[in-house]
1. Being in the same structural domain as residue 263 (by TED's automatic domain parsing), surrounded by fewer than 17 Cβ atoms within 10 Å (Cβ to Cβ), assigned to a helix (DSSP H, G or I) and touching a strand residue (DSSP E or B) at 6+ places or on another chain (Cβ under 9 Å) is the requirement here; does residue 177 meet it?
2. Step by step: first the residues of segment 186-211, then only those that are in contact with a strand residue (DSSP E or B) (Cβ under 7 Å, 6 or more places away or on another chain) and assigned to a loop (DSSP other than H, G, I, E, B), then the one that is nearest to residue 162 (Cα to Cα). Which residue is that?
3. Among the residues of segment 106-138, how many are part of a helix (DSSP H, G or I), at pLDDT 85 or above and closer than 26 Å to residue 193 by Cβ?
4. Can you list the helices (runs of 4 or more DSSP H) found entirely within segment 286-361 that contain at least 2 residues being in the same structural domain as residue 163 (by TED's automatic domain parsing) and surrounded by fewer than 17 Cβ atoms within 10 Å (Cβ to Cβ)?
5. Looking only at helices (runs of 4 or more DSSP H) that fall completely inside segment 1-105, which ones have 1 or more residues that are buried (at least 18 other Cβ atoms within 10 Å of the Cβ) and modelled with pLDDT of 90 or more?
6. Output yes when any residue across segment 254-274 is within 15 Å of residue 165 (Cβ to Cβ) and either touching a residue at least 40 places away in the same chain (Cβ under 8 Å) or not assigned by TED's automatic domain parsing to the domain that holds residue 166 (or both), and no when none is.
7. Is it the case that segment 242-253 has a residue that's part of a loop (DSSP other than H, G, I, E, B), surrounded by fewer than 20 Cβ atoms within 10 Å (Cβ to Cβ) and in contact with a strand residue (DSSP E or B) (Cβ under 8 Å, 6 or more places away or on another chain)?
8. Looking at (1) over 21 Å from residue 268 (Cα atoms); (2) surrounded by 18 or more Cβ atoms within 10 Å (Cβ to Cβ), find the lone condition where residue 208 falls short.
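The values are calculated or read from the model by the stated rules, or taken from the named source; none is laboratory data. Here the structure is a predicted model, which is why all the values come from computation and not from measurement. All Cβ positions, glycine included, derive from the backbone under ideal geometry; neighbour counts span all protein chains shown.
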C-alpha cells in the first residue's frame, strides 16, 4: 500500500484529499504546514507528497528547496489556489513532479499520483539494479546491534562528519562504509577504497597523494592519487591503524586544510573528500605505543560505528545463512537448498573466528557439496570435520 503525505493549512482541503485517497486504497498522513510536513518526511517513509504552496512557517517552495538540498528523492505534487503559470514553472524547475491548481480535477489528480508512484518505483528499481551491479549487499540482521548500526548510518550519512568504523576482520566494516556513501549526499560521486595494510610503506605516499613525472626512478608519468580520485566523493581508508606515521601526518594535513601535494610536486592541490576510516586495532593503545597520532585519531573519530563480531549477534546467523544461500545459488545458477532447523542451530553455536566472511565461505561450500537439503550430518561432515 502506497503511503502519501498531504500538506495543507486548510483543514477542509486536507480532509477532502485524505478521504479521496483512502477510498482509492492509499495510506494517508496529514500535516498542517510545511514545517510539520518536513519533520514527518524526515521521520517516516512516504511514496508521494501532495503539498500546498502558500502555508505558514514553511511554504511549499521552501519545503521543496529544502528536500532538494538534502537529496531527499521523493515525488512532490504541488496543489495551490494562488497559482499562476510562473509559479507552476518555478515549482517544476525546482524539482516538483507536477503542479495542480485548486480546486483539483479529481481524475487528473489521481492520474498524476499514479504516474508519480510509477516513476518512484522505476527509480527505486534502478537504484536496486545499480547496487547489484556494483556488488552492494544489504546489511542483514534483526539484532539490536545491527539495528543500531543501520540507524546510525541513516542519521550520519547525509552529514559531512568523518566516521571511524571499528571491529574485527571479516565483521563487515567495508559494507558499513559503502552504505554510508550510498546514503550520503556524495553518492553520485566516486567511493575510492584504499587498504592501507596492503600497500608497502614506501609506496603509500604515492598511492594516496599521487606523484609527478620524474619524482623517483620508476615515475615515468604523472599519477593521480586516491585523494584526487575521490574528489567530491568519499575516500575509504581501510586498516588505517597500519598506516605509517609519515603518511599519517600528510593525511592529517589533507583533512585540516583540504589540500594535498603530489610526491615530487610543489603545488598544492585542493581536494574535497569525505573520509571514512576503518580499523581492527585499538587505536588508543596504538597511540600509547607511539604507532598512531592522537591528533589524527580525533580528526577521524567524529562518529564511531562499532561492528560486532558474528559471535556477538548469533541470532542473525539463520538470516545471514539464508541470504548467502540465495546469493550463491544465483551466482551458480543452482536451485537453493533448504537449511534444516537443527543444522541452523549448529551454525548458531559455532565459534566464528572469521566472522561473516567465514560464514559466507561455509555456505558456499555447502551449496557445492550438498543436495536439496542441508542437514546436521552435512554440517558435521563439511563444516566441522574434526
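1. Details: in the same structural domain as residue 263 (by TED's automatic domain parsing): yes; surrounded by fewer than 17 Cβ atoms within 10 Å (Cβ to Cβ): no; assigned to a helix (DSSP H, G or I): yes; touching a strand residue (DSSP E or B) at 6+ places or on another chain (Cβ under 9 Å): yes.
For residue 177, the condition - in the same structural domain as residue 263 (by TED's automatic domain parsing), surrounded by fewer than 17 Cβ atoms within 10 Å (Cβ to Cβ), assigned to a helix (DSSP H, G or I) and touching a strand residue (DSSP E or B) at 6+ places or on another chain (Cβ under 9 Å) - is not met.
2. 186
3. Qualifying residue count, segment 106-138: 0.
4. Working: elements: 294-300, 317-332, 341-348.
Result: 294-300.
5. Values: elements: 11-23, 34-43, 60-69, 85-93.
By residue number, 11-23, 34-43.
6. Within segment 254-274, one or more residues are within 15 Å of residue 165 (Cβ to Cβ) and either touching a residue at least 40 places away in the same chain (Cβ under 8 Å) or not assigned by TED's automatic domain parsing to the domain that holds residue 166 (or both).
7. Within segment 242-253, the subset part of a loop (DSSP other than H, G, I, E, B) is 243-244.
Cutting the leftovers down to surrounded by fewer than 20 Cβ atoms within 10 Å (Cβ to Cβ) gives us 244.
From what is left, the residues that are in contact with a strand residue (DSSP E or B) (Cβ under 8 Å, 6 or more places away or on another chain) are none.
No, that holds for no residue.
8. Going through (1) over 21 Å from residue 268 (Cα atoms); (2) surrounded by 18 or more Cβ atoms within 10 Å (Cβ to Cβ) one by one, residue 208 breaks only (1).
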